[in-house]
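Asker: Below is the structure I would like to discuss, written out as structure tokens.
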Amino acid sequence: MTIGDITPKKERKSRRSKHVVDEKAPLLPKQQDEAAGYDEFNGASFTGGVFNLSTTIVGAGIMALPATMKVLGLILGIAMIIFMAFLTDASIEFLLRFSRAGKSTSYGGLMGDAFGKYGRIFLQICVLVNNIGVLIVYMIIIGDVLSGTSSSGVHHAGVLEGWFGEHWWNGRTFVLLVTTLGIFSPLACFKRIDSLRFTSALSVALAVVFLVITVGIAIIKLISGTIMMPRLLPDVTDLTSFWKLFTVVPVLVTAYICHYNVHSIDNELEDSTQIRPVVRTALGLCSSVYIMISFFGFLLFGDGTLDDVLANFDTDLGIPYSSLLNDSVRVSYVAHLMLVFPIVFYPLRLNMDGLLFPSARPLVLSNTRFACITVGLITVIFLGANFIPSIWDAFQFTGATAAVCLGFIFPAAVTLRDHHFIATKKDKILALFMIVLAVFSNAIAIYSDAYALFKKNSGPRA
């Protein structure tokens, strides 16, 4: 299925009566011919769009946000979360405005319009690298939480091991195989992103469950006087502590990456004018969740907050039913990731098809191609998560680069290219700022990951 810009689409208030007759149209039509074998689709709702975009945003990164408060302090940390939400909204506005001007119906089509075939291909490769990396990391996290993990000779029991003891059926590979066949594969078979609106709503609800549990524990411990008010400002005492402030920039810059799904959601909306309210509502919802998780997570664990706050729920919380609450947090988070998987997988399959078959008819009209690409990608993700131990290290580098390209560098580059002469001076200044921030963030992320990897590999050996 091509994701290039093939046919202009007219602005419209409603899409109920729209028939798509161009076989090269890049996203799913509202109504297929009878020969295609599909029922009439009258368009996605506002609520469905909000949940799908929110689920795209709130993935695994939510667990790293409390640790940013430990470095920045609550005031600066929360201000940065809000600032990045506004910057993400501006970058998505660039995408949508220039897509409308060029009559592009996909991110790839927009890049193709601005930079030609190679711009579209570069975008598709970045989506592949980012999304495959993200999904492999999700699968690794699910395996770690459910079946346990071993590091430096120490085994950390998973939830299933803690409940039932160690058995062959709760081993990592078998658990991930069952999860892949029983959950990922069925959810990956939907041909419309709007079909995932209910699982996306449940995914957001599970993130809220994690939030509610964290808030409840923090309030109980605050009332009992066992935790102190957290630091409000960063603790900068020397040059080293000053440079440490910048290590959290990559976490914040990539916290709202959802750009690769915006066009898919836009094309399925019943009312195309709703896409801006959908984006802003989703960003507002996710910002609220991010701020509360960051605040109460840091309030609960203070300077003991780990880089992945989920690891803090592996110890005694010092309150009744601590073990039950720990398991509830971990299970709700794993279930959340399972339901995020298909919403991230959807654009991955779309862009893989566009890369391999740029001139083919729409993917939804070819069941064979749809099935082959779906099975192939899920197999690659499963094998990567289970049998390539160092793959996480590799994706720390490539994933950071691809994410900032998708979220900020590409929208800014399209704006600076200004192929349709609609960018204002303010737009171009903001675009330049986005590129500088993204490059700076990526440089810090690569340096930090390389340093950590070097330190780990050069550590004491037996």
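The values are calculated or read from the model by the stated rules, or taken from the named source; none is laboratory data. What you see is a predicted model; the values in this text were computed from it and never measured. Backbone-built Cβ (ideal geometry, glycine too); neighbour counts: all protein chains shown. Only protein heavy atoms, including side chains, enter the accessible area calculation; ligands, DNA and RNA are left aside. Shrake-Rupley method; radii C 1.70, N 1.55, O 1.52, S 1.80 Å.
Asker: Per residue, what accessible area does the chain have, given a 1.4 Å probe and all protein chains present, in Å²?
Answerer: That works out to 44 Å² per residue.
Asker: Positive end of the dipole of the chain, charges at C-beta (+1 Lys, Arg; -1 Asp, Glu), about the Cα centre: which of A400, V414, N170 has its Cα farthest in that direction?
Answerer: V414
Asker: For region 247-273 and region 83-120, write down the distance between their C-alpha centroids in whole Å.
Answerer: Measuring centre to centre over Cα atoms gives 11 Å.
Asker: If I model a spin label as a point 7 Å beyond the Cα along the Cα-Cβ vector, how far apart are those points for I422 and L245 in nm?
Answerer: Taking the simple label geometry, I422 and L245 are separated by 3.8 nm.
Asker: In whole percent, what relative contact order does the chain give with Cα contacts below 8 Å and a gap of six or more residues?
Answerer: After rounding, I find 32 percent.
Asker: A further question follows. Give, in nm to one decimal, the length gained when the segment between I223 and I429 is fully stretched (0.36 nm per residue of separation minus the Cα-Cα distance).
Answerer: The I223-I429 span can extend by a further 69.4 nm.
Asker: Taking the Cα centre of the chain as origin, sum charge times position over the Cβ atoms of Lys and Arg (+1) and Asp and Glu (-1), and report the length of that vector in debye to the nearest 20. Could you put the intermediate results ahead of the total?
Answerer: Values: 35 positive and 32 negative charges, 235 e Å.
Approximately 1120 debye in magnitude.
Asker: Same structure, new question: Tell me the angle of helix 74-102 to the major Cα principal axis of the chain, expressed in degrees between 0 and 90 and rounded to the nearest ten.
Answerer: Helix 74-102 sits at roughly 10 degrees to that axis.
Asker: If you don't mind, another one. Using +1 at the C-beta of Lys and Arg and -1 at the C-beta of Asp and Glu, which of F46, T305, L211 has the Cα lying farthest in the positive direction of the dipole of the chain?
Answerer: Among F46, T305, L211, the one farthest towards the positive end of the dipole of the chain is F46.
Asker: Sticking with this one: Which is the longest run of the chain containing none of the GluC sites (Glu not before Pro) found in DSSP loop states (not H, G, I, E, B) with at most 10 other C-beta atoms within 10 Å? Don't skip to the answer; put the middle values down first.
Answerer: Working: sites that count: E11, E40.
My reading of the result: 41-462 is the longest stretch.
Asker: Under a point-charge model restricted to the Cβ atoms of Lys and Arg (+1) and Asp and Glu (-1), what is the dipole moment magnitude of region 163-300 relative to its Cα centre, in debye to the nearest 20?
Answerer: That gives a dipole near 140 debye.
Asker: Once you place label points 7 Å from the Cα toward the Cβ at K103 and I125, how far apart are they in nm?
Answerer: Modelled inter-label distance: 3.0 nm.
Asker: Please work out the C-alpha center-to-center distance from region 191-221 to region 276-347 and express it in whole Å.
Answerer: Centre-to-centre distance over Cα atoms comes out at 8 Å.
Asker: Calculated from DSSP H runs of 4 or more alone, at -39500 (n - 2.57) each and per residue, what is the 222 nm mean residue ellipticity of the chain, nearest 500?
Answerer: -21000 deg cm²/dmol
Asker: Once the cut-off is 39 Å, how many percent of the Cα-Cα pairs in the chain end up in the long-distance tail?
Answerer: Working: 22553 of 106491 pairs.
Result: 21 percent of Cα pairs exceed 39 Å.
Asker: If you don't mind, another one. Please say if region 174-236 is rounded, prolate or oblate, where rounded means a/c under 1.5 for a ≥ b ≥ c the square roots of the C-alpha gyration tensor eigenvalues, and otherwise the choice is prolate for a/b larger than b/c and oblate otherwise?
Answerer: Numbers: a/c = 2.85, a/b = 2.59, b/c = 1.10.
Since a/c reaches 1.5 and a/b is larger than b/c, the shape of region 174-236 is classed as prolate.
Asker: So, one more: Expressed as an acute angle from 0 to 90° and rounded to the nearest 10, what is the orientation of the C-alpha long axis of helix 107-147 relative to the principal long axis of the chain?
Answerer: 30
Asker: Between helix 322-356 and the chain, what is the angle of the helix's C-alpha long axis to the longest principal axis, kept within 0 to 90° and rounded to the nearest 10?
Answerer: Value to nearest ten degrees: 30.
Asker: Using the per-residue mean of other Cβ atoms lying within 10 Å as a proxy for protection, in what order, highest first, do the peptides 123-130, 357-364, 246-253, 312-319 fall? Working shown, then result.
Answerer: Numbers: 123-130: 22.5, 357-364: 17.1, 246-253: 21.0, 312-319: 15.1.
The peptides rank, most packed first, as 123-130, 246-253, 357-364, 312-319.
Asker: Carbon and sulfur: what percent of region 133-256's accessible surface (1.4 Å probe)?
Answerer: 72
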